[in-house]
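Everything on this sheet refers to the single structure shown next.
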Amino acid sequence: MIEINKVYHASEFKIIEKLTQEILHEVYDPIIPAEHTDYFLTEFQSENAIRNQIENENFSYFLLNFDNKNVGYLGIQKLNKILNLSKLYILESFRGLKIGKIALEYVDGFATDNGIEKIELIVNQQNNNTIDIYLKNRFKIVESIANSFPNGHSVEDYKMEKILILK
C-alpha cells in the first residue's frame, strides 16, 4: 500500500535528508560530478534547507511510504497560480511500483484543489527515464536552461510544464 504523508517535524526532515543522501547519488552521479551532488544535498535537501524552505519559501514536503517503509519524498512549492514540483525522488529498489505515478496524481489533485493553473519542474537533460515519465504524464518541455551554481558547476536542464484544466 502506498501512502503520501505531509511532513511537519524535524525528525521527518531528517528522514528525507537520509533518503536524499542515497537517492541523489543513485540518480545524479552517473550524469554529474559527485561533488556537485554533495553540494545539492547540503544546499537544497539537508534538514536545515528543508526547514528553511517550509518556513520561508512556501514549500510543502511529503514522505512516500510503501508497505510502512519510507521509500521516497516529494517537495512542492506554491507560487500563486503555479506549482513548482521541486522534488520527486524514490529509492531505486522501489521504482516501477507505481509510487511515482501515484505521487504525480497527488500533485495534480493538490494543484486542482488549490486553484493552480500550471505545474512546472526542472529536470536534468541527461535524466532520460525521468523525462519520459513526465512526458507520459502530460508535461511538455518548454525551455532548455543552463543552470550555474555558486560552487562553480553548471548543468543543462529542461523546464517542463503541465497546463491544468480548471473545473
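A few remarks follow.
- Among the trypsin sites (Lys or Arg not before Pro) found in the range 50-116, those both in a DSSP coil and sparsely packed, with 13 or fewer other Cβ atoms within 10 Å of their Cβ, are LYS81, LYS98.
- Only the Cβ atoms of Lys and Arg (+1) and of Asp and Glu (-1) were treated as charged; on that basis the dipole of the range 1-153 about its Cα centre amounts to roughly 460 debye.
- Checking every one of the chymotrypsin sites (Phe, Trp or Tyr not before Pro) in the range 1-95 against DSSP loop status and a limit of 12 other Cβ atoms within 10 Å picks out TYR8.
- Lys/Arg +1, Asp/Glu -1 at C-beta; the range 1-154 dipole; positive extreme among ASN70, LEU97, SER11: LEU97
- Per atom type, the chain shows carbon and sulfur on 48% of its accessible surface, probed at 1.4 Å.
- Solvent exposure of the range 36-98 amounts to 48 Å² per residue of accessible area, where only protein heavy atoms count and the probe is 1.4 Å.
- Dipole moment magnitude, nearest 20 debye, the range 13-79 about Cα centre, only Lys, Arg, Asp, Glu C-beta charged: 300
- Rounded to the nearest whole Hz, the Karplus-based 3J(HN,Hα) values (6.51 cos²θ - 1.76 cosθ + 1.60, θ = phi - 60°) of the range 122-138 follow the sequence 10, 9, 5, 4, 8, 8, 4, 4, 5, 4, 4, 4, 5, 4, 5, 9, 6, with x at glycine and proline.
- Label-zone membership for the range 1-34, site ILE102, 7 angstrom Cα→C-beta point, backbone N under 14 Å: 1-6
- Put the Cα centre of the range 77-152 next to the Cα centre of the range 18-56 and the gap is 16 Å.
- Within the full protein context, the accessible area of HIS153 is estimated at about 40 Å² for a probe radius of 1.4 Å.
- Local electrostatic count, GLU3, Cβ distance below 15 Å [Lys/Arg +1, Asp/Glu -1]: +1
- Residues with amide H under 5 Å from that of ASN70, placed H, sequence gap 5 or more: none
- Rounded accessible area of VAL155 (nearest 10 Å², 1.4 Å probe): 10
- Shape category assigned to the range 64-167 from the gyration tensor of Cα positions, a/c cut at 1.5: oblate
- Candidates SER154, SER93, SER144, ranked by Gaussian network fluctuation over the chain, Cα under 10 Å, top entry: SER93
- Computed 3J(HN,Hα) for the range 48-60, one whole-Hz value per residue from the Karplus formula 6.51 cos²θ - 1.76 cosθ + 1.60 where θ = phi - 60°, is 5, 5, 4, 4, 4, 4, 5, 6, 10, 10, 6, 8, 10, glycine and proline marked x.
- Overall form of the range 15-90 per C-alpha gyration tensor (a/c, 1.5; a/b vs b/c): oblate
The values are calculated or read from the model by the stated rules, or taken from the named source; none is laboratory data. The shown structure was predicted, so the numbers you read here are calculated from the model rather than taken from an experiment. Positions of Cβ are generated from backbone atoms using ideal geometry, with glycine treated the same way; all protein chains shown enter the neighbour counts. The area values use the complete protein model at the heavy-atom level, side chains included, leaving out ligands, DNA and RNA. Shrake-Rupley method; radii C 1.70, N 1.55, O 1.52, S 1.80 Å.
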